[in-house]
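Undergrad: Encoded as structure tokens, here's the structure I'll be asking about.
The values are calculated or read from the model by the stated rules, or taken from the named source; none is laboratory data. What you see is a predicted model; the values in this text were computed from it and never measured. Here the Cβ positions follow ideal geometry from the backbone for every residue, glycine too, while neighbour counts run over all protein chains shown.
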Amino acid sequence: MGTMKIRTPHINKEGRVFSWTSLLYGFSLGVLMPIFPTFVEMIIKEQSFVGYFYSAMSIAMIISGLLASYIFRKLPRMTVLYISLAVISLTTIFFAFINQFYQLFPFEFIRVSAELLVLTTLGLMLKDFTAAKNLGKTEGVFFLFNNIGWFLGPITGGVVAKYGGFEAAFVLSGLIMIVSLFYILHQHLVKRHPFLSLPAAKAVVNKGENNFKLFIKNGGRIGAYLVALALVIWFSFHAIALPLFVEKVGYGSDMSGLILSLSMIPLIIFEAGVGTYADKHGFKKPIVLGFFIIAFCMFTVKFSPSFLLATIFFILASVGVAFIEPLYNYYFFKNVSRDEEDRLYGIFMTASPVARFIGPAILSTSLVTMPFEWVFVVFGIIFMAAGGFSFMIKEK
């Protein structure tokens, strides 16, 4: 009797490896989603300051992104990936022993720096093994797997935290990250592709200042950066505001985890198809439509007469996210040559930490100056503006 193989919609074996790694990575971080804002609030003892803490942590990711080209010049991508996964695992487990701000700050600073390096290395290697004509489909499938992990993580983390405490959730998250590290080590990618064991050539990776000048010379790269910026503002807002909103209504971490997991379902359903659509018809229309869907749902949450209806529109906002997430990397790679990728991708990835600085800062400032429910109007306006900007995208 033969063994049964799991069929996946990947175009190549390497894409399958990176996607499964991304699934485990998303699962691990997803475990923390329903509890981490509350955990931070418990330590700093002020709800409105939670967003400011997240903004401060984004500085670590900005530094990490700006240093990425230098790091890739000194270390092979696979080595960077291995080290980053190990660092995330160990720092996450250590959260189980943290109860003071002076402990939380440095360990979270290190953890989020490593997170950006994981995303950068996976994004670059996925592109290395993908033909240009299949880039949209490959990105769509990659994010499909990533979001399956984000679906499993929050509901698991919420239940574990409720019945086993935050400490159990931190340990579980760290152990899952270790599994992702051992999984990719077991695939022996370096043995099959020796170039992965080499740092980027010094002739390709130049000084950061020159890289920045090269980046801003192309309007498409700036456009991709702004789309990524707006999308991650949504993710940072969603990750903080939803658990706080659920807590305000009177529910616990298990309810937060359930809603966060349900929010992943539209992404799982639509993202692979969106990527395939972009390969054939372009990426502008899905991005524009996606931002307007998010904006509409945020306005509707504000004026919803019940918690159940607000929850439904929180989940439906993810339909808009599904139209954008597979395409921001696609948009960027359509505006760089292969020789420019190592030089510029780290700069592009700073859109994530910059957004994680802006989004929580706006959220906390809004909470200080207005009732909680009005933050949905503020962010609805932001995503409406992002949709308007996306009308100006020029496709090659």
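Undergrad: Looking at (1) among the small types (G, A, S); (2) buried (at least 24 other Cβ atoms within 10 Å of the Cβ); (3) within 17 Å of S236 (Cα to Cα), which one does A278 not meet, given that it meets all the others?
TA: Looking at each condition in turn, A278 falls short on (3).
Undergrad: Hey, another quick one. Of everything in the range 355-366, what is among the aliphatic types (A, V, I, L, M) and surrounded by fewer than 21 Cβ atoms within 10 Å (Cβ to Cβ)? Give them in sequence order. Show your work before the answer.
TA: Looking only at the range 355-366, we keep the residues that are among the aliphatic types (A, V, I, L, M), and these are 355, 358, 361-363.
Selection gives I358, A361, I362.
Undergrad: Take the residues of the range 84-143 that are farther than 20 Å from S28 by Cα and of a type in the set (S, T, Y): which is surrounded by the fewest Cβ atoms within 10 Å (Cβ to Cβ)?
TA: Here the answer is Y102.
Undergrad: Select from the range 283-339 the residues that are within 16 Å of G123 (Cβ to Cβ), under 22 Å from the mean Cα position of the chain (by Cα) and either among the basic types (K, R) or assigned to a helix (DSSP H, G or I) (or both) and list them in ascending order.
TA: Passing the criteria: I324, E325, P326, L327, Y328, N329, Y330, Y331, F332, F333, K334.
Undergrad: Checking the condition hydrophobic (A, V, I, L, M, F, W, C), at pLDDT 85 or above and surrounded by fewer than 18 Cβ atoms within 10 Å (Cβ to Cβ), which residue from L267, L262 passes?
TA: Working: L267 fails: surrounded by fewer than 18 Cβ atoms within 10 Å (Cβ to Cβ).
Selected residue: L262, the only one of L267, L262 that is hydrophobic (A, V, I, L, M, F, W, C), at pLDDT 85 or above and surrounded by fewer than 18 Cβ atoms within 10 Å (Cβ to Cβ).
Undergrad: Which of the residues that make up the range 246-282 are assigned to a helix (DSSP H, G or I) and more than 23 Å from F145 (Cβ to Cβ)?
TA: Looking only at the range 246-282, we keep the residues that are assigned to a helix (DSSP H, G or I), and these are 246-249, 253-262, 265-281.
If the condition is that a residue be assigned to a helix (DSSP H, G or I) and more than 23 Å from F145 (Cβ to Cβ), then V246, E247, K248, V249, S253, D254, M255, S256, H281 are the ones that fit.
Undergrad: While we're on this one: Just name the residue that is farthest from I233 (Cα to Cα) out of those in the range 334-343 that are in contact (Cβ under 8 Å) with a residue 12 or more places away in the chain and surrounded by fewer than 24 Cβ atoms within 10 Å (Cβ to Cβ).
TA: Only one residue tops the list, namely D339.
Undergrad: Still on this structure: Of M61, M1, which residue is among the aliphatic types (A, V, I, L, M), assigned to a helix (DSSP H, G or I) and modelled with pLDDT under 80?
TA: Result: M61 is the single residue among M61, M1 that is among the aliphatic types (A, V, I, L, M), assigned to a helix (DSSP H, G or I) and modelled with pLDDT under 80.
Undergrad: Can you tell me which of (1) at pLDDT 85 or above; (2) within 27 Å of S173 (Cβ to Cβ) is the one F307 doesn't meet?
TA: The failed condition is (2).
Undergrad: Here's a follow-up. What residue, among those in the range 20-40 that are modelled with pLDDT under 85 and assigned to a helix (DSSP H, G or I), is farthest from P360 (Cα to Cα)?
TA: For the range 20-40, the residue satisfying everything is T38.
Undergrad: Need the failing condition index for S318 against (1) buried (at least 24 other Cβ atoms within 10 Å of the Cβ); (2) of a type in the set (S, T, N, Q); (3) out of contact with any Pro (no Cβ under 9 Å at 6 or more places or on another chain), just the number.
TA: Of the numbered conditions (1) buried (at least 24 other Cβ atoms within 10 Å of the Cβ); (2) of a type in the set (S, T, N, Q); (3) out of contact with any Pro (no Cβ under 9 Å at 6 or more places or on another chain), the odd one out for S318 is (3).
Undergrad: Of the residues that make up the range 90-112, is at least one touching a helix residue (DSSP H, G or I) at 6+ places or on another chain (Cβ under 7 Å), part of a helix (DSSP H, G or I) and closer than 14 Å to T21 by Cβ?
TA: No.
Undergrad: Just one of G320, G359 is over 20 Å from N146 (Cα atoms) and out of contact with any His (no Cβ under 7 Å at 6 or more places or on another chain); which is it?
TA: G359
Undergrad: How many of the residues making up the range 213-225 are touching a residue at least 12 places away in the same chain (Cβ under 8 Å) and surrounded by fewer than 18 Cβ atoms within 10 Å (Cβ to Cβ)? Working first, answer last.
TA: First, pick out the residues of the range 213-225 that are touching a residue at least 12 places away in the same chain (Cβ under 8 Å): 214-215, 218-221, 223-225.
Restricting the remaining residues to those that are surrounded by fewer than 18 Cβ atoms within 10 Å (Cβ to Cβ) gives 214, 218-220.
Result for the range 213-225: 4.
Undergrad: Would you please list the contacts, defined by Cβ atoms under 6 Å and residues six or more apart or on different chains, that run from a residue in the range 375-396 that is under 13 Å from I233 (Cα atoms) to a residue that is surrounded by fewer than 20 Cβ atoms within 10 Å (Cβ to Cβ) and modelled with pLDDT of 90 or more?
TA: Correct list of pairs: G380/F299.
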